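Novice: Below are the structure tokens for one structure; questions will follow.
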Amino acid sequence: MTKSALQIARASYQPKMPVSLLGPVKMVEGEATQSVADQEEIKRLFPKTYGLPVVKFMPSDQKHSYAPVNVGVILSGGQAPGGHNVIAGIFDGIKNLNPASRLFGFILGPAGLIEHNYVELTAEIIDEYRNTGGFDIIGSGRTKLEKKEQFDKGLIILKALDIKTLIIIGGDDSNTNACVLAEYYAAINAGVQVLGCPKTIDGDLKNKMIEASFGFDTACKVYSEVIGNIQRDCNSARKYWHFIKLMGRSASHIALECALQVQPNYCIISEEVEAKNMSLDDLIADIARVVAQRAEQGNNFGTVLIPEGVIEFIPAMKRLIAELNDFLASRKEEFELIRQSEKRNYIIKMLSKENSDIYASLPEGVAKQLTLERDPHGNVQVSLIETEKLLAEMVGVKLAEWKKDGKYNGKFSTQTHFFGYEGRCAAPSNFDADYCYSLGYTAAGLVAFGKTGYMSSVRNTTAPASEWIAGGVPITMMLNMERRNNEMKPVIQKALVDLEGAPFKNFAAKRAAWAMHTSYVYPGPIQYFGPTEVCDQPTKTLLLEQGK
Ligand code: FBP
């Protein structure tokens, strides 16, 4: 395989780690825990794994000897930079327990477990993937692990390979499934521990104990680099408004972090749109006002950042999507039989009056995109909805009306962009390379201490890596009950942007100035070699959240 000069040099990077993991460790247990909500129901559903304590690893002066252990690993859901380092960390961690330990990777996500499709990850394979982006070492997939038959089929291969622990590297949904599987295997005395690792560029799998999901740091830095380049072009040509949609299925963490890094003229925060009960028209008018005010100063250019999931946060649209989700889940087969040209009318006829009216008012393309197949977790695939085009077009229409009324007299030409896939497999930043390796190594510690139903956790992440705190958090602690596919299910509560939190408040205090004055920042590309203030900076979100 031909490699770039950077790939070759980066392969020998040694991730920085907490000192507590460098030698023999002991495990310290905290108090019993509770789920974030719906405690009685979660406790009833997870009798074996509910209420477990948070644990942390501390240096120990006693060296233990461990029997060899076989571990299985799954990469689940969307790619996120650093996944290969989690796997390298697990590998090195279990080899450190006992050099005869073995690691097996299931191919293409949870489906690999069910279909018994696996590969043994040897030192030679692992070394090829250290510090690289992507999930291609074993591939990833979105099959939902939720049925007893799948769990039983998985157990056959786990037993055949003598795997004692299965580690699922995934987002909120995949870690929810890890928790359900841990409970099931514990209930039937399967002798298999199940652990999770917090992955997702979306940044919405975080809480008191999980400070960040891996991949968020690198992905935001890649998008910020490209947005910065666009802003420099925009400020050079001074003739376009750039509408830039950014990934992040639900929460606006990516858009917010990029805004803090590049200081655009406008950034939508979906959670605020919802909190202010804004309609699509309110949002369009708000953006158009900024365009018009800049035009008055002779600035017919600018940048607008759009979180991918915004459409689901406009309350009226949210109600429409909720009804569509239930409707499509309960009438899937019937809907598939309807002719393509008739689908729109069929939906208009079947929905409640309020939702039917909104649906009928949407441009045809967007209406169709809203009915496309849901992902296996029942989510609308928002990356397929061209919100950036919808908003650019509708702002144009609004400005044309204002022009007629003499309220606006500028020029409005647009370019649209969507950044998502560009960042998900980038070579991990130092932060992600270090964080991921530590998450993997910590998971190996949880294996050694016989933990199940835990998520690997590395905290104190704005301090130097040597001071990070490694341990585990019971996944049941993060669960609440939510409606999915028309049924109430236990799921990990998603962390949306907190409108009272420091990152949003910092943005809100500065956005009016960014709208009027061209205050663009050009972050440039991620640096892998050089001074620590250039290479090792965490995200602004993390720094602000931790009061730094
Ligand atoms: P995960 O939640 O699985 O980490 O995926 C995140 C994400 O990148 C979202 O930002 C995006 O909406 C979605 O995946 C796209 O999914 P797909 O890769 O299936 O196109």
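The values are calculated or read from the model by the stated rules, or taken from the named source; none is laboratory data. What you see is a predicted model; the values in this text were computed from it and never measured. Please note: Cβ atoms are built from the backbone with ideal geometry, for glycine as well, and neighbour counts cover all protein chains shown. Just the protein is used for accessible areas: all its heavy atoms, side chains included, with ligands, DNA and RNA removed. Shrake-Rupley method; radii C 1.70, N 1.55, O 1.52, S 1.80 Å.
Novice: Criterion first (open to solvent by less than 60 Å² (accessible area, probe 1.4 Å) and either in contact (Cβ under 8 Å) with a residue 24 or more places away in the chain or of a type in the set (Val, Ile, Thr) (or both)) does SER356 satisfy it?
Specialist: When the stated conditions are applied, SER356 does not pass them.
Novice: Please specify each residue of the range 200-251 satisfying the condition of being of a type in the set (Ser, Thr, Tyr) and in contact with a Ser or Thr (Cβ under 6 Å, 6 or more places away or on another chain). Show your work before the answer.
Specialist: Initial filter on the range 200-251 (of a type in the set (Ser, Thr, Tyr)): 200, 213, 218, 223-224, 236, 240, 250.
Within the range 200-251, THR200, SER213, THR218, TYR240 qualify.
Novice: Among the residues of the range 145-152, is any modelled with pLDDT under 95, hydrophobic (A, V, I, L, M, F, W, C) and under 20 Å from ALA190 (Cα atoms)?
Specialist: Checked the range 145-152: at least one residue is modelled with pLDDT under 95, hydrophobic (A, V, I, L, M, F, W, C) and under 20 Å from ALA190 (Cα atoms).
Novice: Being within 16 Å of the ligand (Cβ to nearest atom) and open to solvent by less than 10 Å² (accessible area, probe 1.4 Å) is the filter here; which residues of the range 359-377 pass it?
Specialist: LEU370
Novice: Right, something else. So in the range 248-268, with the set limited to residues that are within 30 Å of TYR359 (Cβ to Cβ), modelled with pLDDT of 95 or more and within 16 Å of the ligand (Cβ to nearest atom), which one is farthest from the chain's Cα centre (by Cα)?
Specialist: Here is the first cut: in the range 248-268, the ones within 30 Å of TYR359 (Cβ to Cβ) are 248-256, 266-268.
Remaining after also requiring modelled with pLDDT of 95 or more: 251-256, 266-268.
From what's left, within 16 Å of the ligand (Cβ to nearest atom): 251-256, 268.
Working: ALA251: 9, SER252: 10, HIS253: 9, ILE254: 9, ALA255: 12, LEU256: 14, ILE268: 18 Å.
Looking at residues that are within 30 Å of TYR359 (Cβ to Cβ), modelled with pLDDT of 95 or more and within 16 Å of the ligand (Cβ to nearest atom), I get ILE268.
Novice: Let me ask something else about it. If VAL25 meets every condition in (1) among the aliphatic types (A, V, I, L, M); (2) open to solvent by 60 Å² or more (accessible area, probe 1.4 Å); (3) within 26 Å of ILE126 (Cβ to Cβ) apart from one, which number is that one?
Specialist: (2)
Novice: Let me ask something else. What tally of residues in the range 378-393 results from selecting those that are open to solvent by 20 Å² or more (accessible area, probe 1.4 Å) and more than 16 Å from the chain's Cα centre (by Cα)?
Specialist: Residues that pass the stated criteria total 4.
Novice: Among the residues of the range 2-21, what is the count of those that are without any contact (Cβ under 8 Å) to a residue 24 or more places away in the chain and not polar (S, T, N, Q)?
Specialist: 3
Novice: Can you pull out the residues in the range 256-301 that are hydroxyl-bearing (Ser, Thr, Tyr), outside any strand (DSSP E or B) and open to solvent by 10 Å² or more (accessible area, probe 1.4 Å)?
Specialist: Within the range 256-301, SER279 is the sole residue that qualifies.
Novice: Quickly run through the range 201-212 and pick out the residues that are within 10 Å of the ligand (Cβ to nearest atom) and either over 17 Å from CYS179 (Cα atoms) or free of Cβ contacts under 8 Å to residues at least 12 places away in the same chain (or both). Give the steps one after another, and end with the answer.
Specialist: Going residue by residue through the range 201-212, those that are within 10 Å of the ligand (Cβ to nearest atom) are 201-205.
Passing the criteria: ILE201, ASP202, GLY203, ASP204.
Novice: Among the residues in the range 65-78, are any hydrophobic (A, V, I, L, M, F, W, C), in contact with a helix residue (DSSP H, G or I) (Cβ under 7 Å, 6 or more places away or on another chain), surrounded by fewer than 22 Cβ atoms within 10 Å (Cβ to Cβ) and in a loop (DSSP other than H, G, I, E, B)?
Specialist: For the range 65-78, residues hydrophobic (A, V, I, L, M, F, W, C), in contact with a helix residue (DSSP H, G or I) (Cβ under 7 Å, 6 or more places away or on another chain), surrounded by fewer than 22 Cβ atoms within 10 Å (Cβ to Cβ) and in a loop (DSSP other than H, G, I, E, B): present.
Novice: Hey, another quick one. If you check every pair at least six apart or on different chains, which have Cβ atoms under 7 Å apart with a residue in the range 84-97 that is surrounded by fewer than 24 Cβ atoms within 10 Å (Cβ to Cβ) first and a residue that is at pLDDT 95 or above and among the β-branched types (Val, Ile, Thr) second?
Specialist: LEU97/VAL69
Novice: Just to check your reading of the model, which residue among ALA190, ALA186 is open to solvent by 10 Å² or more (accessible area, probe 1.4 Å), aliphatic (A, V, I, L, M) and more than 16 Å from the ligand (Cβ to nearest atom)?
Specialist: Step by step, each of ALA190, ALA186 is checked, and only ALA186 is open to solvent by 10 Å² or more (accessible area, probe 1.4 Å), aliphatic (A, V, I, L, M) and more than 16 Å from the ligand (Cβ to nearest atom).
Novice: So if I check each of TYR129, TYR118, which one is open to solvent by 50 Å² or more (accessible area, probe 1.4 Å), among the aromatic types (Phe, Trp, Tyr) and at negative phi?
Specialist: It is TYR118.
Novice: How many residues are open to solvent by 40 Å² or more (accessible area, probe 1.4 Å) and closer than 30 Å to LYS56 by Cβ if we restrict to the range 1-22?
Specialist: Within the range 1-22, residues that are open to solvent by 40 Å² or more (accessible area, probe 1.4 Å) and closer than 30 Å to LYS56 by Cβ number 5.
Novice: Of the conditions (1) more than 25 Å from GLY170 (Cα to Cα); (2) among the small types (Gly, Ala, Ser); (3) not in a helix (DSSP H, G or I), ALA512 clears all except one; give me its number.
Specialist: Going through the list (1) more than 25 Å from GLY170 (Cα to Cα); (2) among the small types (Gly, Ala, Ser); (3) not in a helix (DSSP H, G or I), ALA512 breaks only (3).
Novice: Check whether at least one residue in the range 218-238 is in contact (Cβ under 8 Å) with a residue 12 or more places away in the chain, away from the ligand (no atom under 13 Å from the Cβ) and part of a loop (DSSP other than H, G, I, E, B), and report yes or no.
Specialist: Yes: one or more hits.
Novice: Moving on. Can you find, within the range 411-436, the residue that is farthest from the ligand (Cβ to nearest atom) among those that are buried (at least 18 other Cβ atoms within 10 Å of the Cβ) and in a loop (DSSP other than H, G, I, E, B)?
Specialist: Within the range 411-436, the match that is farthest from the ligand (Cβ to nearest atom) is PHE412.
Novice: Of all residues being surrounded by 24 or more Cβ atoms within 10 Å (Cβ to Cβ) and not aliphatic (A, V, I, L, M) in the range 140-171, which is nearest to the ligand (Cβ to nearest atom)? Just the residue, please.
Specialist: GLY171
Novice: Which condition does PRO110 not pass, out of (1) within 16 Å of the ligand (Cβ to nearest atom); (2) within 23 Å of ALA186 (Cβ to Cβ); (3) open to solvent by 10 Å² or more (accessible area, probe 1.4 Å); (4) not hydroxyl-bearing (Ser, Thr, Tyr), if it passes all the others?
Specialist: (3)
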